[in-house]
Structures are given as structure tokens and as C-alpha cells.
1. Compute the length gained on full extension between Leu11 and Arg132: take 0.36 nm times their separation in residues and subtract their Cα-Cα distance, giving the result in nm to one decimal.
2. What nm distance separates the two modelled labels at Glu192 and Phe74, each placed 7 Å from Cα along Cα→Cβ?
Amino acid sequence: MCTWKKWMRILTISLLFSLLPLSVVEAKEGMVYEQFEKESPADQPETKASPELEKASVVPYALKFIGSFLLILFLLFIVLKYLSKKTKMYPGGGPFHALGGHSLGNNRSLQMVMVGDTLYLLGVAEDVNLIRTIPPGVEQRRLLESIAEKPIDTVSKWGAGLKKTSQEKWDELLSKQLNDVKSDADQQKKGETE
């Protein structure tokens with residue numbers, strides 16, 4: 001039997017035992033209605049609390065709480081380990097690397113994927129369309145460097161995202177990309193004339 005199955009059975013059995021009541025209380029006088037019919041509260045003499053209730057301790061409840069808490073943490077750890085194993089695409093990254101994306105609206109986005117040495121710019125909507133292929137070279141190197149230089153500060157990214165609308169972000173990105181392509185074309189022309 002697998003060790004994780006064995007541990008799950010042990011945890012299940014321990015959980016069942018931890019849910020058992022610590023003490024059992026029984027009604028010695030019968031039902032409440034019968035007691036109400038027999039005597040009124042004014043006629044009854046005052047009774048002292050039963051000695052069993054005075055002896056009740058907090059220790060079993062504390063142990064039960066700590067055990068349940070540790071069991072929940074352990075089960076959460078197992079679930080997170082299982083999910084982390086299932087979400088890994090390929091060991092070592094494999095041949096496909098999703099480098100980033102940009103949302104364009106409802107269920108539409110641009111995605112950049114690297115397969116082998118080639119970058120692919122994909123349009124994703126109801127279907128996936130290849131927009132552009134970027135072969136290895138200066139442009140690809142610059143794109144990869146710009147992706148690597150981005151700091152992953154989610155708080156500032158979230159705050160900046162609130163300040164700009166998606167149209168402003170898209171215009172800024174488009175103008176930056178056009179300027180980069182223009183500067184590349186100028187550099188290639190200068191290299192050809194020399």
C-alpha cells in the first residue's frame with residue numbers, strides 16, 4: 001500500500017476519534033414536560049451543582065483543539081503539495097515558455113510564447129492566431145532582456161494599473177514597440193551603408 005494512503009487512513013481514523021464527545025450527559029428525571037408537570041420551580045428546593053460538573057477540566061478540550069488544528073494544517077500541506085505537482089507543466093520548463101501577455105478586452109489577449117529559439121506573438125480569443133514570428137536576433141534579444149529587467153513588484157504594478165486605463169496602457173506599449181522597430185531599422189540601414 002502506498003505510504004500516503006496509509007497516512008490518509010491514519011488521519012481519518014484519528015479525526016473520527018477526535019470527534020467523539022468527551023463526556024455524555026443523560027437526563028435522569030425524564031422529559032422536560034414531565035418535570036414541569038410534577039413540580040413548579042417555586043416548590044423545588046435548591047439543589048447543588050453535581051460533582052461531575054465541578055471536576056470538568058479544560059485540558060481535554062485544549063488537546064482536542066491543538067490536535068484538530070495540527071490535522072488541518074497537515075491536510076492543507078498535503079493538498080498544496082498535490083496541487084503544486086499537478087500544475088507543473090514540464091520538468092525543467094520543457095520546450096515551451098510563456099513569457100507574458102496583455103489583455104485586450106473580454107476574452108481577448110496577446111501572448112508571447114518561446115518555442116525553442118523562436119518567439120511567437122499570438123492573438124488569443126475564441127481561437128488562437130499567429131500574429132508574428134520573431135526569429136533569433138537583435139529584436140528577440142532586446143525583447144528577452146526587457147522581460148528579464150522587469151521587477152516583479154506586484155503592489156506597485158497593481159497601483160500603476162489602477163491609474164491607467166487599458167487603452168492608455170495599450171497606446172503606450174504600441175508606441176514603445178513602434179519606436180523600437182524604427183530604431184532597429186535605422187541601425188540596420190547604418191550597418192548596411194558601412
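1. Length difference between fully extended and current span is 38.2 nm.
2. Using points 7 Å along Cα→Cβ, the separation is 7.1 nm.
No value in this document is a laboratory result; all are computed from the given coordinates. Quantities reported herein were computed from a predicted structural model and do not represent experimental measurements. All Cβ positions, even for glycine, are placed from backbone atoms using ideal geometry, and neighbour counts span all protein chains on display.
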